[in-house]
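These notes concern the structure reproduced below.
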Amino acid sequence: MPFINVKTNVPVGSDKEKAIKSALGRDITALPGKTENWLMVGLEPECHLWFKGTDEPAALVDVSVYGGADADAYRALTGKVSALLAEELGLKPDRIYVKYSSTPDWGWNGDNF
Amino acid sequence: MPFINVKTNVPVGSDKEKAIKSALGRDITALPGKTENWLMVGLEPECHLWFKGTDEPAALVDVSVYGGADADAYRALTGKVSALLAEELGLKPDRIYVKYSSTPDWGWNGDNF
Amino acid sequence: MPFINVKTNVPVGSDKEKAIKSALGRDITALPGKTENWLMVGLEPECHLWFKGTDEPAALVDVSVYGGADADAYRALTGKVSALLAEELGLKPDRIYVKYSSTPDWGWNGDNF
C-alpha cells in the first residue's frame, strides 16, 4: 500500500512515463513486503518547481507508505529512485528530493487495512 | 480543518466536480467535529496515475486532518468516499486508495490553531 | 530540506510566480536552520479547489519539513505566507490553509539525511 508521486519541472514523454512507472514497480521492493501489486504511481510532468531558487530541472518524489518501513529501506529506495530519474529524465541527483511519510490509516476497496 | 484531495486518471466534468465536492461536504461529518464549513476540497482529473502497473481508472484520495480522528471514523469515511467515486465516476472500489494523515500544526487566517 | 507546495484556484502569472518563490525563500527562515538554499517550492495555479463549499479564491499551502520545527516557528511562517499570498494574489487570509508535516526520512542526492 505505497503511493509514489513524482513532481518534476521537465516534460516526460509517454514512453518515459511507462518506463518510470514500471521501474518504480521493481524499485518498491526495496521496502520489505511491498510490491507493484499494491503500488500506485502518480507522475506530474512540467510542474512549476524551484529548488535553491532556480527552476533548473528538479524533482520532488513523495513516498507514502501504509505502516511505514525502517530507515535503511527508505535509504535504499532513495538510491534507486534517484538513479532512475537521472537515467530516464537526465536529472541530477542533487536536484532531487525524496520525502517519506507513513500512516496507520489507509483505505482500499471501501474499507481500511 | 480537513483537506481532501482527489487525484484520478479519468476526466471529471464540471457537474460531476460540483456533485463530488458537495457530497464530500456531507461525508466529512463521518469525522467527529468536522463539517463542510471547515473543509477544503481539491480535485485533479486526468492525472497520470497507475495502480498495480496499469492505467485503468483509479483514484488516490488524500485526507489531511488537523488533530486527527480515530481509526473507526477514518474507516467510515473510506466507505463513503469510495461509494461516492464509484457512483459519480464509475471507479471500482478496488482501484481506489484513501490515505490519511493528521497534524497538530495547521494555519488558517494568518495564524495556527 | 523543506518543501512548500502552493495550490490555488486563481491564475498566477509568471512574474507573480517568481515573486512568490523568492519571497518563500526569505520566509522559510522563520523555521530555525532552514534557508532558500535547501528549499523546494511548487506552485499549482488554477487548481480545482473549494473551501466552505465555494470556489471563491482560496489556497492550500502544504509545508513538509525534514525533522520538523516547533509550533511557534510554524505559526510565524503561517503569518508570513498568508500575508504574501494576500499581497501577491489578493487572497483573503481566511481562505488560506497552511498545513504542516514533518518526517525523519528525507532523501537528497541519492541518499537520506
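Quick note: the coordinates plus some simple rules give every number you see, no bench work behind them. Keep in mind that what you see is a predicted model, and the values were worked out from it rather than measured. Every residue, glycine as well, gets a Cβ built from its backbone with ideal geometry; the counts of neighbours run over all protein chains shown.
Remarks
- Hits among aspartates and glutamates - C-alpha to C-alpha of residue C:34 under 18 Å, sequence gap 8 or more where chains match: A:94, B:105, C:62, C:70, C:72, C:105
- For residue A:10, the residues whose modelled amide H falls within less than 5 Å of its own, excluding neighbours fewer than 5 places apart on the same chain, are A:46, A:47, A:58.
- From phi via Karplus (6.51, -1.76, 1.60), per-residue ³J(HN,Hα) for the stretch C:27-40 in Hz, x at Gly/Pro: 5, 4, 5, 4, 8, x, x, 9, 9, 4, 4, 10, 9, 9
- Copies compared at residue A:70 - label distances in nm, ascending, label defined 7 Å from Cα in the Cβ direction: 3.3, 3.3
- Shielding of peptide A:42-49 by partners, expressed as the average count of other chain Cβ atoms within 10 Å per residue Cβ, is 5.
- For the stretch B:6-29 and the stretch A:44-87, distance of Cα centres in Å: 29 Å
- Across the copies of the chain, residue B:113 has label points (7 Å from Cα along Cα→Cβ) spaced 2.7, 2.7 nm apart, shortest distance listed first.
- Per residue of peptide B:88-99, the mean number of Cβ atoms on other chains within 10 Å of the residue Cβ is 4.
- Inter-label distance for residue B:54 and residue C:29, nm, one decimal - labels placed 7 Å from Cα along Cα-to-Cβ: 5.4 nm
- Residue of chain C with the smallest Cβ distance to the axis mapping C onto B, distance rounded to whole Å: C:101, 4.
- Relative contact order [Cα under 8 Å, 6+ residues apart], chain C, whole percent: 34 percent
- Taking Cα atoms only, the orientation of helix C:71-89 departs from the longest principal axis of chain C by about 40 degrees.
- Note on residue C:15 and residue C:37: the model spin-label points, each 7 Å out from Cα along the C-beta direction, lie 3.2 nm apart.
- Mean Cα-pair separation over length for the stretch B:37-103, i.e. relative contact order, pairs under 8 Å, 6 or more apart, %: 44 percent
- Inter-copy label distances at residue B:14, shortest first and taken from points set 7 Å along Cα to Cβ: 2.9, 2.9 nm.
- Set the Cα radius of gyration of the stretch B:45-90 against 2.2 N^0.38 Å, with N its number of residues, and you get 1.37.
- Semi-axes of the equivalent ellipsoid for the protein assembly as shown, computed as √(5λ) from the eigenvalues of its C-alpha gyration tensor and ordered from largest down, come to 26, 26, 19 Å.
- Computed about its Cα centre, the charge dipole of chain B is approximately 180 debye, with only Lys, Arg, Asp and Glu carrying charge at their Cβ.
- For chain A, Kirkwood radius (reciprocal of mean inverse C-alpha pair distance, Å): 14.5 Å
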